[in-house]
Amino acid sequence: MFNLYSPKELPQHLAYVGASDFAVTEGRNDFTEHGLFGVDSSGNLWARDWWSKQSNTGEGIDAMLNMVQRWKTPMWFNEGGVIDKATRPAINQQMRERRIYTDLRSLPSMLDKVAKCSAFQAR
């Protein structure tokens, strides 16, 4: 389902978008994940950057904003619900303090991981 590419195959102009899955539960083995993707003029999706770590929320937010700054990402998605309520105030504060901004949008939380993957697979 996924094709690997070499750096020389990457299109020159991509529209970037990012997404995060914050792990906010203390003492669990969850990882915070940030992915950055580019969309080319034909609608193809190119994975460009990834960050993954068992970290505290502050470190995860810094990593996300570093990616926003590096790639000049205009839009970023995260999980809505409890996760968004737990992280959004800190993300907004860090964006203001660091003067790094993105249009942060939360997507509805789904407990069914197979359904989450199916939506991405359909893309």
Quiz prompt | Residue count for the range 86-102, restricted to those that are more than 15 Å from the chain's Cα centre (by Cα) and either at positive phi or not hydrophobic (A, V, I, L, M, F, W, C) (or both) | solution = 8
Quiz item: When you scan the range 1-92 for strands (runs of 3 or more DSSP E) that lie fully inside it, which ones turn up with 2 or more residues that are charged (D, E, K, R) and either in contact with a Pro (Cβ under 7 Å, 6 or more places away or on another chain) or over 15 Å from Ser106 (Cα atoms) (or both)?
Solution: 45-53
Quiz item: Is it the case that Ser20 is modelled with pLDDT of 95 or more, closer than 28 Å to Arg98 by Cβ and of a type in the set (Ser, Thr, Tyr)?
Solution: yes
Quiz item: Of everything in the range 52-61 that's modelled with pLDDT under 95 and crowded, with 16+ Cβ neighbours inside 10 Å, which residue is farthest from Ile100 (Cα to Cα)?
Solution: Ser55
Quiz item: In this structure, is Tyr5 under 13 Å from Met67 (Cβ atoms) and aromatic (Phe, Trp, Tyr)?
Solution: no
Exercise. For residues that are within 22 Å of Glu33 (Cα to Cα) and open to solvent by 50 Å² or more (accessible area, probe 1.4 Å), scanning just the range 1-15, find the one that is modelled with the highest pLDDT.
Key: Ala15
Quiz item: Can we say Gln69 is in contact with a Leu (Cβ under 8 Å, 6 or more places away or on another chain) and at pLDDT 95 or above?
Solution: no
Practice problem: Could you figure out which of (1) without any contact (Cβ under 8 Å) to a residue 60 or more places away in the chain; (2) more than 26 Å from Arg88 (Cα to Cα) isn't true of Asn29? | Solution: (2)
Self-check item: Scope the range 16-51; condition of a type in the set (Gly, Ala, Ser) and surrounded by fewer than 17 Cβ atoms within 10 Å (Cβ to Cβ); matching residues
Solution: Gly27, Ser41, Ser42, Gly43, Ala47
Practice problem: Please identify the pairs in which a residue from the range 69-84 that is at positive phi has its Cβ atom under 6 Å from the Cβ atom of a residue that is surrounded by fewer than 15 Cβ atoms within 10 Å (Cβ to Cβ), counting only partners at least 6 apart or on another chain. | Solution: Gly81/Ser109
Quiz item: When you go through Arg99, Arg70 one by one, which is the residue that is open to solvent by 70 Å² or more (accessible area, probe 1.4 Å) and either of a type in the set (A, V, I, L, M) or out of contact with any strand residue (DSSP E or B) (no Cβ under 8 Å at 6 or more places or on another chain) (or both)?
Solution: Arg99
Quiz item: Across the range 102-123, what is the number of residues that are surrounded by 14 or more Cβ atoms within 10 Å (Cβ to Cβ), modelled with pLDDT under 90 and not in a helix (DSSP H, G or I)?
Solution: 1
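The values are calculated or read from the model by the stated rules, or taken from the named source; none is laboratory data. Here the structure is a predicted model, which is why all the values come from computation and not from measurement. Don't worry about glycine lacking a Cβ; one is built from the backbone with ideal geometry, like all the others, and counts go over all protein chains shown. When the accessible area is computed, the model is the full protein with side chains, heavy atoms only, and any ligands, DNA or RNA have been set aside. Shrake-Rupley method; radii C 1.70, N 1.55, O 1.52, S 1.80 Å.
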